[in-house]
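What follows is one structure encoded as structure tokens, with my remarks underneath.
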Ligand SMILES: C[S@@+](CC[C@H](N)C(=O)[O-])C[C@H]1O[C@@H](n2cnc3c(N)ncnc32)[C@H](O)[C@@H]1O
């Protein structure tokens, strides 16, 4: 494998080197994620939670986004049964670019299982279209490598009703629902549509994070981290921006690795994570 080309920023005193000439955990790297990951061994990451630049919506230091190389490296470094959560939206300009669909298809073509296509619904959204409904969602592609996810810790919510009710228990091809009295469960597994408030207080309370133009909600990152990984496992964000995934990994006792091409954003992430150590 080639050498690491960019400098790494170790931000915590307890950073541990896993392998020689490999990567350090609890570390933020400044650089192109493809070049940084190139030096890592195969099958070393449990979970990735990330969000790429959306089309040409924003200019990140003029960098040309190389989606296919990033997808290939993510496949290589993910452990068998590991998961990549890819949060993506389309540019809307006249019509939708459908980049998110093309990326989903590409992930499948190179060998990922598209385990789920989840929806990130924004409870409040400032964008308005005069000739269409206000866009209030992005996709969360849940991709697994080499079979189904090795970890699934389903998040639950309390059921609205409680007590007993006549419940359907046997729907045969004749279409007749048989019902019997049964006790309602106290909680149920969430659906694959997750809603979050966005903006200050919703996305995060860290004011400094908003110096980055496209932060995703802390709870979104946390919900995926809890669902698809266990304490002590390695969580990567190869385009970590303000460091949301790294922060939530750290708060949930996972080991984090963050990479960003922008030194300005790495500095924001470093400041956010540094506050957790105070
Ligand atoms: C949508 S933002 C991620 C925001 C992040 N989820 C957060 O909550 O702050 C995408 C990030 O990708 C970074 N980026 C773009 N191309 C990159 C590359 N090749 N390697 C590493 N980072 C890259 C940008 O600098 C930007 O911060």
request  = Give me D for segment 46-155 in µm² s⁻¹, whole number, from Stokes-Einstein with Rh from the Kirkwood sum over alpha-carbon pairs, 37 °C and 0.692 mPa s.
outcome  = 216 µm²/s
inquiry  = Once you order the gyration tensor axes a ≥ b ≥ c over the Cα atoms, which shape class does segment 189-278 get: rounded for a/c under 1.5, otherwise prolate or oblate by comparing a/b with b/c?
reply    = oblate
Calculated log₁₀ intensity ratio I(q)/I(0) where the Debye formula runs over C-alpha points of the chain, q = 0.09, 0.10 Å⁻¹ = -0.46, -0.56
request  = For the chain, with a Gaussian network of springs between Cα atoms less than 10 Å apart, report the residue from 188, 123, 178 with the top mean-square fluctuation.
outcome  = 178
request  = Using the Kirkwood radius over Cα pairs, work out the Stokes-Einstein diffusion coefficient for segment 79-218 at 20 °C and 1.002 mPa s, in µm²/s as a whole number.
outcome  = 114 µm²/s
query = Any idea how far the Cα center of segment 184-200 sits from the one of segment 64-117, in Å?
reply = 24 Å
task = Working from Cα positions, state the angle (0 to 90°, nearest 10) between the long axis of helix 263-276 and the longest principal axis of the chain.
result = 60 degrees
ask   = Working from the pairwise distances between different alpha carbons, so that the mean of 1/r is found and then inverted, what is segment 108-190's Kirkwood radius in Å?
value = 17.5 Å
query = What relative contact order, as a whole-number percentage, does the chain give when Cα pairs under 8 Å and 6 or more residues apart are counted?
reply = 21 percent
request  = Only helical DSSP H runs with n ≥ 4 go in: add -39500 (n - 2.57) per run for the chain, normalise by residue count and round the 222 nm mean residue ellipticity to 500 deg cm²/dmol.
outcome  = -6500 deg cm²/dmol
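Could you order peptides 205-213, 38-46, 228-236 by the average number of other Cβ atoms within 10 Å of their residues, highest first?
Details: 205-213: 15.0, 38-46: 17.7, 228-236: 20.3.
Packing order, densest peptide first, comes out as 228-236, 38-46, 205-213.
Since every read-out is calculated from the coordinates, none of them should be taken as a lab result. Being a predicted model, the structure only gives us computed values, none of them experimental. Note that we place each Cβ from the backbone using ideal geometry, even for glycine, and neighbour counts take in every protein chain shown.
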